[in-house]
1. Whole-Hz ³J(HN,Hα) for each residue in segment 130-137, computed from phi via Karplus 6.51 cos²θ - 1.76 cosθ + 1.60 with θ = phi - 60°, x for glycine and proline: what do you get?
2. Between the alpha-carbon centers of segment 415-484 and segment 7-41, tell me the distance in whole angstrom.
3. Which ³J(HN,Hα) values, rounded to whole Hz and listed in residue order, are derived for segment 274-287 from phi using the Karplus coefficients 6.51, -1.76 and 1.60 in 6.51 cos²θ - 1.76 cosθ + 1.60 with θ = phi - 60°, glycine and proline given as x?
4. Please identify the GluC sites (Glu not before Pro) of segment 423-504 that satisfy two criteria: DSSP loop assignment and at most 16 other Cβ atoms within 10 Å. Which are they?
5. How do the peptides 74-85, 127-138 rank, highest first, by the average count of neighbouring beta carbon atoms within 10 Å per residue?
6. Please give the length that would be gained between residue 399 and residue 467 if that part of the chain were fully extended, namely 0.36 nm times their separation in residues minus their C-alpha to C-alpha distance (nm, one decimal).
7. From the phi of every residue in segment 159-168, what ³J(HN,Hα) in whole Hz does the Karplus formula 6.51 cos²θ - 1.76 cosθ + 1.60 yield, where θ is phi - 60° and glycine or proline is x?
8. Which of the trypsin sites (Lys or Arg not before Pro) found in segment 226-305 are in a DSSP loop and have at most 13 neighbouring Cβ atoms, other than their own, within 10 Å?
Amino acid sequence: MTTDAPVKKRFKPYQLSIAFGIGIGSFTLISGIVPQLTGWENTSLVHREVFDGIPTALQVAFYTIIPMMLIWGSLRFADRIRNWERGAPDKRKTTAKNAKRRLADYRSGVYMRTLLRDSAAGLMHSMIYFGFLVLLGVTTVLEIDHQMPEQLKFLHGDVYRGYALVGDVAGVVFTGGVVWAILRRYVQRPYRIRIKTKPEHALILGVLLAIGITGFGSEMFRIAKGQAAGINLDHEKWSVVGYPLAQLVNGSTASTLTTWHQGWWVAHVLTFIVFLAILPITMLRHMFTSPLNMYLKDRERPKGAMKAMPNLTETSLESFGVHVVEEFTWKQLLDLDACTMCGRCTSVCPAHATGKPLDPREIILKSGEVMAATASHAPGGKVSAPLSADAEIKVGANLLFERITAEEIWACTSCKACDEICPVNIEILDKILDMRRYLSLMESNFPAQLGNAYRAMENQGNPWGMSQTDRGEWAKDLDVKFLTQVRRSKANTYIGSVAQEVSTTKIKKSHSRWLNCSSEQALMLRFLARAKCVRVTVHVAAATNICFKCWRCQMSRCSTRWAYKKLLLNARTASIR
């Protein structure tokens with residue numbers, strides 16, 4: 001008699017989130033208890049005393065509330081991760097073959113490389129992000145030094161001077177980035193930002209600005225308090241912001257400065273607590289979800305290829321495409337929480353630019369609203385939406401078409417511009433095509449023009465409804481060889497169904513003449529390719545014209561102009577027009 005082996009239970013991702021929160025919360029709590037028990041102090045004259053002038057009651061409150069907020073945040077993140085688990089399976093495993101590439105994608109997210117495609121927005125975000133990380137590191141280093149016995153403490157002397165300089169410079173960079181973000185959103189107001197500004201953005205920017213300002217305020221009064229007490233704090237001159245500010249309030253009494261220091265310190269801690277509170281429930285969560293999303297980017301599929309559908313004659317599926325949240329894959333649901341709401345997809349969408357109802361960002365946000373509003377596992381049956389939704393909008397079911405219209409879906413040109421520009425690698429087009437599949441296969445809800453194309457492809461094998469025997473008619477008077485006439489060739493041009501489209505005949509002929517251009521021009525093109533000095537892109541600008549565009553040249557300007565004019569001359573003498 002045989003028995004089935006017990007199934008080995010694995011930690012689920014949401015459980016790892018909870019474990020991480022409990023672990024870091026416990027560590028923070030212990031780091032507050034250990035120094036009280038050991039009493040280790042730094043005896044160097046050039047150092048910074050932790051909790052200088054802060055009453056014990058406030059220290060206890062600090063080491064009690066911060067761990068609680070960390071654990072609370074991990075529970076809220078766990079709710080979001082369980083939301084992703086509602087999705088269908090998706091093969092995104094890390095293997096020895098793709099590990100290096102995935103780490104490179106992750107680094108691109110962490111280092112803000114993709115954001116720098118827009119230099120202004122990228123620099124602004126980098127100032128906030130890296131400034132905040134350095135400030136967090138500065139605080140962590142101070143806490144680590146606080147735990148060390150006297151002989152192992154390292155934050156004194158020249159090390160402390162460098163530490164003070166780095167901390168203040170990071171504070172300036174961080175605060176400057178936040179001020180820039182406020183000006184960009186509420187003064188400059190670019191279109192893609194202006195159309196999606198919510199009160200949530202004001203809350204986030206206000207909290208970040210308060211963290212920077214209260215940090216400098218606390219430092220200013222800490223230094224001024226020490227100087228008023230007669231302590232030599234010349235080493236604090238390396239605090240290039242806090243020390244000059246302290247000189248502005250030097251005339252006050254020590255007791256007054258102590259009170260002000262405690263007030264600014266409490267304000268600084270409270271703003272950080274608010275930051276921890278809003279981190280998992282606002283768009284700030286993309287600090288974690290966006291790099292993770294980039295790590296899981298799908299590079300196995302060729303760019304532009306649709307996801308494969310199961311064999312319709314063999315599958316037991318009763319529904320095709322996507323119309324409810326659970327029919328998305330878990331990775332597609334992660335996409336919804338990774339969105340930074342930057343609007344770059346909106347700015348490059350040709351359908352949106354021509355007044356069509358499609359806005360790629362809205363597809364992501366609306367899908368995220370449906371996912372968030374139907375999270376039955378979370379307290380209250382929902383989690384916070386990707387971006388604060390309008391109060392009058394109510395989502396009563398997990399149906400995506402409660403928030404998304406068919407007109408939006410069919411307005412998409414499938415150009416993939418939104419996917420290419422997205423700084424966090426969200427796969428927007430896949431979601432649109434999945435919803436199109438549902439509308440086509442399950443609802444027969446598609447534009448009337450597509451009905452004619454479907455019938456033509458079914459009967460004639462092309463969307464134009466033209467006979468297959470006419471496929472090569474456009475090339476009758478050209479010196480064009482087909483694969484049926486030659487055994488081998490170095491390169492082939494695939495015309496596709498456009499071969500039977502009458503209005504493009506002149507374009508096809510011009511393209512063929514260009515491919516059969518003179519040997520002088522071919523030699524020129526080969527020379528340029530070897531020199532790697534000019535990248536030439538060929539655009540069919542009208543029915544019969546071909547335009548050469550020279551860009552990203554690594555040669556001198558005169559050489560570039562010579563090559564550009566030579567190409568145009570050869571193009572004209574080759575009878576391309």
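Readers should treat all values here as calculations from the given coordinates under stated rules, not as data from a laboratory. Predicted, not measured: the structure shown is a model, and the values here were computed from it. Reconstructed Cβ throughout: ideal geometry from the backbone, glycine too, with neighbour counts over all protein chains shown.
1. After applying 6.51 cos²θ - 1.76 cosθ + 1.60, I find 6, x, 5, 4, 5, 4, 5, x Hz.
2. 54
3. Calculated HN-Hα couplings, in order: 4, 4, 4, 5, 8, 4, x, 10, 10, 5, 4, 4, 5, 4 Hz.
4. On the way: sites: 427, 443, 458, 473, 501; in loops: 427, 443, 501.
Loop-located and lightly packed - 443.
5. Numbers: 74-85: 20.5, 127-138: 17.9.
Top of the packing list down: 74-85, 127-138.
6. Working: separation 68, 0.36 × 68 = 24.48 nm, distance 4.21 nm.
Value of the extension gain: 20.3 nm.
7. Coupling constants for segment 159-168: 4, 5, 4, x, 4, 5, 5, 4, x, 6 Hz.
8. Loop-located and lightly packed - 299, 303.
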